[in-house]
Structures are given as structure tokens and as C-alpha cells.
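Here's the structure we're looking at; comments come further down.
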């Protein structure tokens, strides 16, 4: 195993262990997403047809807001006892840390999605009219789009005084193209009226561009004062 | 007095491990280091003393590559590219640099991986070396402050670096444990390691330290082979004479 993948695997396993013990991120994410589902279901009383049209937006906005909670937690535990300094003085590559954090967040948000999707289906009486299997690439690519930028911008806002506020301010504008693609692709699949292919290709392109950009810039962010 | 560089050379000394030239570090308008020039040799323990705000911690952080100098140059083991000599630093800060939710062995196992060390035996031996039990399953968060300091030292020792940068390693450690730590540092010095210890408890290092480096207002003001009696801070000493902290 190369040094990068070995260190990334060790860091990911450490993060999963810490989360398993503290459950800081997953509990707050789940509670937040649950609140959004329940409040929206009380606020609107859509028909099945209307549900199919608005569910894409509702689902992804709920996941985006909930993901921000996890993204803030990711780096917060590295600041306690200044553990991040121990990583910075080590010869470990910066990108191993970034990839581990991004994959960790991907797992946390995926768990959230897996738990919340059945609730969305029940609360909004959802039944897809298009090819349901396409929701899998949309979910995978969309989740990666959220966490890769989220992990990067959470690291960037690490040393700012109000980082909880700073993260959404940085993340939401840059996530608009991805969010648009996720919402449109999900709506297209649920209504079955148009093909979701274009939006899926857009998500692939977005992920490639931003993953590359984040990997190129992360070392500078990690060692910034 | 400490011998000059030319005297050291004549007596067969090896070139210094750390050479600092005109090091300046500003945090905004505050000058933490003000034109510091010094060199540190292999196989010696340096005790760095000074009042709060004298620049001791900033000096260690600059050497470890954690803060970028505003001006000046640091050369370590013959190179100014500090990132290339990162494996040669054992850094211990005032906070523990450990994860509170994991036990000592889990912490060390993780940090060992960062240095490409896969050997769990080495982690166990290092924990035992600082006088702790590798089998202890309690998370670090439930350790006493002294145990945490010793585990932090174990983390710094783990990858067998050539240079140790230790910031207040004895704070909240009981005297007998501190003496054990000093003994360990002396053993490491005897194997050729360079050890820089920032401390307010210099007496603990008497007999082990090779040199005492006194800092004031971001500069080294004195280097002695014996521990000099401390001047009382109540004698009206201004750590930043002439308002020098402001650029």
C-alpha cells in the first residue's frame, strides 16, 4: 500500500472510531434532517404529483443543511488538543488527510441518506415514474460533490473565529451548480418526464473539477497560519 | 561562557544541527521573534528559559515548521527546506496533541502510521519507556494531566527523531515522574539527539542540561553552561523594552 493510501486509511479508520464513540456528527445530522422532513410535511400537504416535483429540492436541501453539521465536526476534533499540529509536523502528505476526511464525511452523509430516504418516501408518498436505479449515481455523485467542497471549505474556515457561520457562506454558493444538477436529476427520475443523463454528466464533471482543485490546494490550506 | 563557533570547530565539534539566522516573526503588529540568531549542536540538551511572551514557544513552532518566519532563515541538518526534515522532529506542545476519545495505544498506533511505522511492539515499548502501561484501555481524556504529558512525550519519541522540541514537558507532572522524564531525555542526548526544552522548571533539568538559553523580547539574551539564578519579575523588567513589541 502506498504511503498516501496507507495514511488515508489509518486516518479514516481513526475518524470512524472517534465518531462511533462520540456520535457527535451522526446524531446531530439525523436529528436536523428529521426535523426538516417533519416540518416540511406539516407545512405542505402535496398530492403525489406535486410531491414528485418538489421532493428532489426538499431532499437535497435537507441533506445539504444536515451535512454542514457533520462537516463542522470533522475538523473540530482536530482542533481539540491541537492534534492537527501533530499531523502538520509529521511527514504525512496533506492529501491523505483530506481524502480521509472527505471519505469519512461521505460515509456519514451516506448513512444519513440511507436512513432518511425511507422517511421521505413515507412522508411524501413518493413513487418514481422514471428509472429508479439512476438515483444511485445521483446520490453518490451528489453526496461527493457536497462533501468534497464541504471538507475543503471547513478546513479553510478552521482558523476563523466564526467558522460555523463561515462554512455555509463559502460552501452554499459554490455548491449551486451541483445542487441544481442533483435536484433536476432527482426530479427527472421521480417524474419520468425527461432524461436525467445530462444532469448526471454535469455532476461527474463538477466532481472531477472540484476534487482536483481541492487536492491541489489542500496542502496550502493545511499549512496556512 | 559558551565556546564560539571557531573554538568548537578547533575542538573537533560537528557542524550545528540547527542554525537560525536573523529570525523574525510577527503576529500582526506583535513581534514574537526579533532578529534571533543562534545555533544548536547535536547531542546536547538546551533549556530555553524566559518570561511569558519572550518568544520561546514561537521559536519551537518556527523550528517545527508550524509558523512561517516573517524574515530570516532556519537551517536544520544542513537544509533550509524544513518539510524535508519533518521526520527528524519530535515535537511536544503545551496541549497534548492526542485524541481524548482514544486510549494511549490507539493514539500511538495512529501517529506511528503517519511516520510509516506499522510495528505495534514499538508503540508498546515507547509507552513503557515513559513509564505508562501500554495495556491501559482508558481513553486519554480520562488520564491525569501528568499521564497525558508522558503520553505526549511518547508520541514525540515514537519515530526516533534526531531533534526534540519540547514545550513545557514537565507542566503538571509530579517531581518523581519529571525526574524520570529528565533521565530519559539525558539518555536520548547520549545517543546523539539534540533536545530543546522550553520550561519554567529549569531546576528539574540541572545536571542533565548542557546549556541554558535565556530569551527576552523575542531574542536570545544569554547562553550559559550553568543555571543562573532567576531575576524576579517584580524587579521591573519589561519583557518588551521601549514598547518594542509594536513594529
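The table below lists the values:
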read-out: Tilt relative to chain A, helix A:163-191 - C-alpha long axis, 0 to 90 degrees, to 10; value: 40
read-out: Exercise: per-residue mean of other protein chain Cβ atoms within 10 Å, B:61-68; value: 3
read-out: Alpha-carbon Debye profile of region B:184-223, log10 I(q)/I(0) at 0.25, 0.28, 0.29, 0.35 Å⁻¹; value: -0.94, -1.06, -1.10, -1.27
read-out: For region A:204-225 and region B:62-141, distance of Cα centres in Å; value: 26
read-out: Calculated P(r) of the protein assembly as shown - Cα pairs past 45 Å, %; value: 25
read-out: Relative contact order of region A:156-218, defined on C-alpha pairs under 8 angstrom at six or more residues apart (%); value: 23
read-out: Ascending count of other beta-carbon atoms within 10 Å, so fewest first, for B:187, A:19, A:49; value: A:49, B:187, A:19
read-out: For B:151, A:3, A:166, A:182, order by how many other beta-carbon atoms lie within 10 Å, fewest first; value: A:3, A:166, B:151, A:182
read-out: Cα long-axis angle, helix B:145-157 against chain B (0 to 90 degrees, to the nearest 10); value: 80
read-out: Cα-based Kirkwood hydrodynamic radius, region A:69-225, one decimal, Å; value: 16.8
read-out: Length-normalised contact order of chain B in % [C-alpha pairs under 8 Å, at least 6 apart]; value: 29
read-out: Cα pair distances of region A:17-149 binned at 10 Å [whole percent]; value: 11, 38, 30, 14, 6, 1
read-out: Ascending count of other beta-carbon atoms within 10 Å, so fewest first, for A:212, B:47; value: A:212, B:47
read-out: Average beta-carbon neighbours from other chains, 10 Å sphere, peptide A:98-111; value: 0
read-out: Estimated 222 nm signal from helices in the protein assembly as shown, with DSSP H stretches of n ≥ 4 weighted -39500 (n - 2.57), rounded to 500; value: -18000 deg cm²/dmol
read-out: Taking all pairs of distinct alpha-carbon atoms in chain B, Kirkwood radius in angstrom; value: 18.8
read-out: Along principal axes, Cα extents of region B:113-184, largest first, whole Å; value: 33, 30, 18
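Taken together, the values in this text are just the output of simple stated rules run on the coordinates, not laboratory data. Values in this document were obtained by computation on a predicted structure and should not be read as measured data. Positions of Cβ are generated from backbone atoms using ideal geometry, with glycine treated the same way; all protein chains shown enter the neighbour counts.
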